[in-house]
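Inspection log for the structure reproduced underneath, given as structure tokens.
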Amino acid sequence: MIQTKNLTKIFTTAEVETTALNNVNLEVQEGEFVAVMGPSGCGKSTLLHIAGMLDNPTNGEYYFMGEEVSKYSEKKRANLRKGKIGFVFQQFHLMQRTTALKNVMLPTLPRTDEDGFDHRARVLLTRLGLGDRLHTPVRRLSGGEQQRVAIARALVNEPLVVVADEPTAHLDSRAALEFLDFMDELKGRGTLVIVASHDPVVCGAGCFDEVFD
């Protein structure tokens, strides 16, 4: 489903070049649960942003469902990933004045409630322990609760691929293990799940089909 060949990403700031990824080669398939491990600053987030088609590599090739997308424009990447990729951001990127439920519903717009997304959003938030916080503005939620809203938002479209960047950073150990169990269920439905983390709970969970470090 996802394959990279000699993937390289170089950032240039004030005439200083920083190589975040250097000739990365990997291949993962649908129904796999894989982890990208390593310390902060090693390029995990960069790899996930490219895998989620939020960024393009400097060099190399990236294939998604057989399409070579590494040189696609932002518009073309957005059209391809819509409904296919759910992304859990490390910094959440939630609308703080909007309720938890409305945040989760955002990726479904402009589709209507008739499509069943309102029900699915409620089910996801309840499954993640936020059934009594549906109509609470995000700014009133704790960091862990906001993380759960971000997870639900990534799943509401039933994507083929879930990309999660440090998804347990604000969760306690019990909630982190519950999240991994939830992701393992998605794997059983054929979803490809890619998690980047340096959380020792995640690293020691032993639930992954493959670990890249």
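The values are calculated or read from the model by the stated rules, or taken from the named source; none is laboratory data. None of these values were measured; they are calculated from a predicted model. When we count neighbours, we look across all protein chains shown, and the Cβ atoms used for this are built from the backbone with ideal geometry, even at glycine. What goes into the accessible areas is simple: the full protein's heavy atoms, side chains included, and nothing from ligands, DNA or RNA. Shrake-Rupley method; radii C 1.70, N 1.55, O 1.52, S 1.80 Å.
Could you give me the ³J(HN,Hα) list for the stretch 196-213, computed from phi with Karplus coefficients 6.51, -1.76, 1.60 and θ = phi - 60°, whole Hz, x at Gly and Pro?
With the stated coefficients, the stretch 196-213 comes to 9, 6, 10, 5, x, 5, 5, 4, x, 6, x, 9, 8, 6, 8, 10, 10, 9 Hz.
Once both labels are modelled 7 Å past Cα along the beta-carbon direction, what's the residue 78-residue 139 spacing in nm?
Result for the modelled spin labels: 2.6 nm.
With a 1.4 Å probe and every protein chain left in place, tell me how much accessible area residue 180 has, in Å² to the nearest 10.
Result for residue 180: roughly 10 Å² accessible.
Tell me, what is the 1.4 Å probe accessible area of residue 173, in Å² to the nearest 10?
Roughly 70 Å² of residue 173 is accessible to a 1.4 Å probe.
Ignoring everything but the protein chains, give the 1.4 Å probe accessible area of residue 27 in square angstrom, nearest 10.
Accessible surface of residue 27 is approximately 100 Å².
Taking all protein chains together and a probe of 1.4 Å, list 62, 72 from the most accessible to the least accessible. Before the final figure, lay out each step's value.
Working: 62 5, 72 40 Å².
Greatest to least solvent exposure: 72, 62.
Roughly speaking, what is the centre-to-centre gap between the stretch 35-61 and the stretch 150-213 when only Cα atoms are used, to the nearest Å?
That distance is 16 Å.
Would you look at the GNM of the chain, springs on alpha carbons closer than 10 Å, and say which of 199, 132, 181 moves the most?
Most flexible of the set in this elastic network: 132.
Evaluate the Kirkwood expression for the hydrodynamic radius of the stretch 71-161, namely the inverse of the mean inverse distance over all pairs of different C-alpha atoms, and round to one decimal in Å. Write out the running numbers ahead of the final one.
Values: mean 1/r = 0.0747 Å⁻¹.
For the stretch 71-161, inverting the mean 1/r across all distinct Cα pairs yields 13.4 Å.
Given +1 on the Cβ of Lys and Arg, -1 on the Cβ of Asp and Glu, and no further charges, what dipole in debye does the chain carry about its Cα centre, rounded to the nearest 20?
Details: 24 positive and 28 negative charges, 176 e Å.
Once rounded to the nearest 20, the dipole reads 840 debye.
Would you list 30, 74 from the most to the least accessible area, probe 1.4 Å? Write down the numbers at each step before the final one.
Details: 30 125, 74 90 Å².
Result of the area sort, largest leading: 30, 74.
Kindly identify the stretch 1-70 as rounded, prolate or oblate by the Cα gyration tensor criterion: order the square roots of the eigenvalues as a ≥ b ≥ c, call it rounded if a/c is under 1.5, otherwise compare a/b with b/c, prolate if a/b is larger, else oblate.
Working: a/c = 2.36, a/b = 1.49, b/c = 1.59.
Note, shape of the stretch 1-70 comes out oblate.
For the chain, just list the percent of Cα-Cα distances falling in each 5 Å bin from zero outward, please.
Going out from 0 Å in 5 Å bins, the chain shows 1, 7, 15, 19, 20, 17, 12, 7, 2, 0, 0 percent.
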